[in-house]
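Asker: The structure's right below; bear with me while I get my questions together.
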Amino acid sequence: MQGYTSTLLGSAEPVADFSWSPAHPLSYEEITLIDLSYDNEDDALTYAWDFNNDNYIDSTEQNPTHTFTREGDHPITLTVS
């Protein structure tokens with residue numbers, strides 16, 4: 001896994017952050033993405049996960065699971081609003 005992208009849009013905007021489990025997954029091992037995002041306004045957040053950097057939303061769940069079928073780095077982006 002390559003890491004994560006956090007999106008900071010301003011002081012009053014939500015901040016996207018996440019981790020995953022297991023920390024060092026193997027190919028074909030399911031991972032759980034764990035949302036760590038927060039919003040200073042205490043608004044309900046919406047989630048847009050892109051698991052393969054193709055600008056296509058793969059999940060809108062808060063804590064989705066995913067299985068990568070090949071070894072290597074896998075960029076994951078979470079955008080919250």
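Asker: Quick one: which residues, 5 or more positions from N53 or on another chain, have an amide H under 5 Å from its amide H? H modelled 1.01 Å from N in the peptide plane, none for Pro or chain starts.
Answerer: Answer set, sorted by chain and number: T77.
Asker: For a quick check: with amide H placed at 1.01 Å from N, whose amide H comes under 5 Å from W20's, ignoring anything fewer than 5 positions away on the same chain?
Answerer: I34
Asker: Continuing with this model, one more query. Stretch Y38-H24 to full length: gain in nm at 0.36 nm per residue minus the Cα-Cα span?
Answerer: Numbers: separation 14, 0.36 × 14 = 5.04 nm, distance 2.49 nm.
Fully extending the segment from Y38 to H24 adds 2.5 nm.
Asker: Go through region 55-61 residue by residue and turn each phi into a ³J(HN,Hα) via Karplus (6.51, -1.76, 1.60, θ = phi - 60°); whole Hz please, and just put x for glycine and proline.
Answerer: Result, ordered by residue: 6, 10, 6, 8, 7, 10, 6 Hz.
Asker: For region 57-81 and region 20-45, what is the separation of their C-alpha centers, rounded to whole Å?
Answerer: For region 57-81 versus region 20-45, the Cα centre distance is 9 Å.
No lab work stands behind these numbers, since they all come straight from the coordinates. As the structure is a prediction and not an experimental result, all values here were calculated from the model.
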